[in-house]
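Shown next, in structure tokens, is the structure this report addresses.
The values are calculated or read from the model by the stated rules, or taken from the named source; none is laboratory data. Keep in mind the model is a prediction, meaning the values are calculated, not measured. FYI the Cβ positions are ideal-geometry reconstructions off the backbone, even for glycines, and counts take in every protein chain you see. Remember, those area values only see protein heavy atoms, side chains included, never the ligands or the DNA or RNA. Shrake-Rupley method; radii C 1.70, N 1.55, O 1.52, S 1.80 Å.
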Amino acid sequence: MIKLTVNGAPATFDGDPSMPLLWFLRDVQGLTGTKFGCGVAQCGACTVHVNGEPRRSCVSPIGTLEGADVTTIEGAKGKETEAVRAAWVAIDVPQCGYCQSGQIMSAVGLLSMNPKPTDEDIDLAMTGNVCRCCTYHRIRAAIHDAAGRMEG
Ligand code: FES
Ligand code: FES
């Protein structure tokens, strides 16, 4: 029996420990905000936070997460999250939206570690989050905007 925390609530899993965290979140927990893209850690659509840091849930077996603290887009909160949400709305970042929960989780992770990132910091932190609608310029602008909101 694997015990972990998902969005602040206790959760357990009794099945195959090789099941990716992404399946656990979507199919067992019903948290469908986290998306499946590539399944091989190449697109970032499935990004969640594990113990406060961005993690690709498609390649994270549930069996490795005993005691972990998992946060998905549904449970993200705190000053970085609020700033990112406001910036995403102000700059109208999403196009189709499919990649955006992963983008937001990576952006929140970046701002948690680096509240005033440069363009280079942003490009480095976000490089693994692919957007087929090419919203990259707006994502970068929104992260700068979010950093400004956190200062204010
Ligand atoms: S679905 Fe996990 S990185 Fe693409
Ligand atoms: S907004 Fe469409 S894939 Fe990023």
Reduced to Cα centres, the span from segment 98-120 to segment 6-58 in Å works out to 18 Å
Please list, in chain and number order, the residues 5+ apart from VAL6 or on another chain whose amide H is under 5 Å from its amide H, with Hs placed from the backbone. ALA11, VAL70
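Taking only Cα atoms of segment 2-71, what ratio of Rg to Rh do you get with Rh as the Kirkwood inverse-distance radius? Mind dumping the intermediate values first?
Numbers: Rg = 10.7 Å, Rh = 11.7 Å.
Expressed as Rg/Rh, it is 0.91.
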How many Å² of accessible area per residue for the chain, probe 1.4 Å? 49 Å²
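At 1.4 Å probe size, with the rest of the protein present, what percent of the exposed accessible area of segment 2-71 is carbon and sulfur atoms? Provide the component values of the computation, followed by the final result.
Details: 1600 of 3240 Å².
The value for segment 2-71 is 49 percent carbon and sulfur by accessible area.
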At what distance in nm do the modelled label points of CYS96 and ASP27 sit from each other, each positioned 7 Å from its Cα along Cα→Cβ? 2.3 nm
Residue-ordered couplings for segment 134-147, obtained by feeding phi - 60° into the Karplus form 6.51 cos²θ - 1.76 cosθ + 1.60 and rounding to whole Hz (Gly and Pro as x), are 6, 8, 4, 5, 6, 4, 4, 4, 5, 5, 4, 4, 5, 4
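With contacts defined as alpha carbon pairs under 8 Å and 6 or more residues apart, what's the relative contact order of the chain in percent? Please list the in-between numbers first.
Details: 262 pairs, mean separation 38.6, N = 152.
That works out to 25 percent.
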HN-Hα J couplings of segment 42-48 from phi, Karplus 6.51/-1.76/1.60, θ = phi - 60°, integer Hz, Gly and Pro as x? 10, 10, x, 4, 9, 5, 10
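Give, to the nearest whole percent, the P(r) tail of segment 79-151 beyond 17 angstrom, counting all Cα pairs. Write down the numbers at each step before the final one.
On the way: 794 of 2628 pairs.
Value for segment 79-151 (Cα pairs over 17 Å): 30 percent.
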With eigenvalues of the C-alpha gyration tensor scaled by 5 and rooted, the chain, Å: 27, 16, 13
Under the Karplus relation with 6.51, -1.76 and 1.60 and θ = phi - 60°, whole-Hz ³J(HN,Hα) for segment 117-123, x at Gly and Pro, equal x, 7, 3, 5, 4, 5, 4
